[in-house]
Ligand SMILES: *Cc1c(COP(=O)(O)O)cnc(C)c1O
């Protein structure tokens, strides 16, 4: 593998961010302190949530949502397969069953017209993912949830700041989760945040993240079986700093997306993500293009390999969950997952981060187009 010159993603860390983290280390409170409280308050204010609970990863947050909603053995939860594996794993961690439903070919989000066919008497919830920061079809999905008395968990791990009909992603269902891994729009190194309007759910999640302790109880009194999903003060200090810049970071990412769009728009071998969605605000997590239908998975893999050998890192977002070794014998996909598999074979995530330079975007596009032409020559 050649040395990577243009990475797939890169965190945006300033000297002020570094100073904020270091200054925590000069105190004696490194966990469960004022930074966590401040970070929770700031994030709740940003999205307009009544409750926010910081956790040590997006996965932990989703897990606590499943547990706090009382979902367990014998229950089914509807989830897309074209997403990050954690969304389905947390369902299995509670011995419930993920039921995969296909996606819309344009938005790559859960296809609402295919959800109802997958609902059974065991279905308890919808795990709705705002894939790549593009809001899912919430009006239709929430109507289905209401009709069948299902809870709604929003996996907003890729969608901080995204809006659906002027409401922030994460607040549209019973509970939502954001994630702050270094490749996300904002980072805490590792980290996540649960948001909800349900005080009881927030209290349960708060307790479960800290070994099942109740706030009023003695430190060694554990009311229920919990976890250590706490987020340290250093992480929270970084999160506070990043959150201050979230709007400028999201604006910058939208700008980078528009550079790619402008440069690649005329290429008939590519299907680009729409720059706008009606009544929505996209929070750009990654920039993912699809190869046109005449290309195969082998073509895609060869193109990604070629770019890698030229020092450009591309991703294959997403590899469908139901095709992963850990899932082949475990899950019960009800519907066909045709669109999921089609997209999974042809998707390419291009280098995408706040500080990518226009010249780097130009180089990525030029080399991508050259690699596509090579494959086209073989197809003919
Ligand atoms: C990033 C992400 C998560 C959570 O990831 P962590 O690494 O645990 O923070 C969950 N779901 C989706 C769709 C994600 O992209």
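Only the coordinates and a few stated rules stand behind these numbers; no lab work does. Everything numeric here is computed off the predicted structure, so don't read it as measured data. Every residue, glycine among them, receives a Cβ derived from its backbone with ideal geometry; neighbour counts consider all protein chains shown.
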Sort out which residues of region 174-207 are more than 16 Å from the chain's Cα centre (by Cα) and within 16 Å of the ligand (Cβ to nearest atom), and write them in order of number.
205
Residue among 95, 151 that is under 18 Å from residue 169 (Cβ atoms), surrounded by fewer than 24 Cβ atoms within 10 Å (Cβ to Cβ) and touching a residue at least 12 places away in the same chain (Cβ under 8 Å):
151
Exactly one of 148, 165 is touching a strand residue (DSSP E or B) at 6+ places or on another chain (Cβ under 7 Å) and either within 13 Å of the ligand (Cβ to nearest atom) or over 19 Å from residue 35 (Cα atoms) (or both), and that residue is 148
What are the residues in region 60-96 that are more than 22 Å from residue 138 (Cβ to Cβ), within 10 Å of the ligand (Cβ to nearest atom) and in contact with a strand residue (DSSP E or B) (Cβ under 7 Å, 6 or more places away or on another chain), if any?
60
Residue list for region 278-291, restricted to those being part of a loop (DSSP other than H, G, I, E, B), in contact (Cβ under 8 Å) with a residue 40 or more places away in the chain and out of contact with any helix residue (DSSP H, G or I) (no Cβ under 7 Å at 6 or more places or on another chain)
279
What is the one condition in (1) touching a helix residue (DSSP H, G or I) at 6+ places or on another chain (Cβ under 8 Å); (2) within 12 Å of the ligand (Cβ to nearest atom); (3) within 25 Å of residue 274 (Cα to Cα) that residue 136 does not satisfy?
(1)
Working carefully through the options 32, 108, 43, find the one that is surrounded by fewer than 22 Cβ atoms within 10 Å (Cβ to Cβ) and farther than 21 Å from residue 151 by Cα.
32
In region 214-226, is there at least one residue being within 16 Å of the ligand (Cβ to nearest atom) and within 20 Å of residue 51 (Cα to Cα)?
no
Residue pairs within 6 Å by beta carbon, gap of at least six or interchain, first lying in region 50-67 and within 18 Å of residue 126 (Cβ to Cβ), second in a helix (DSSP H, G or I) and within 9 Å of the ligand (Cβ to nearest atom), listed first then second, are 62/90; 63/90; 66/90
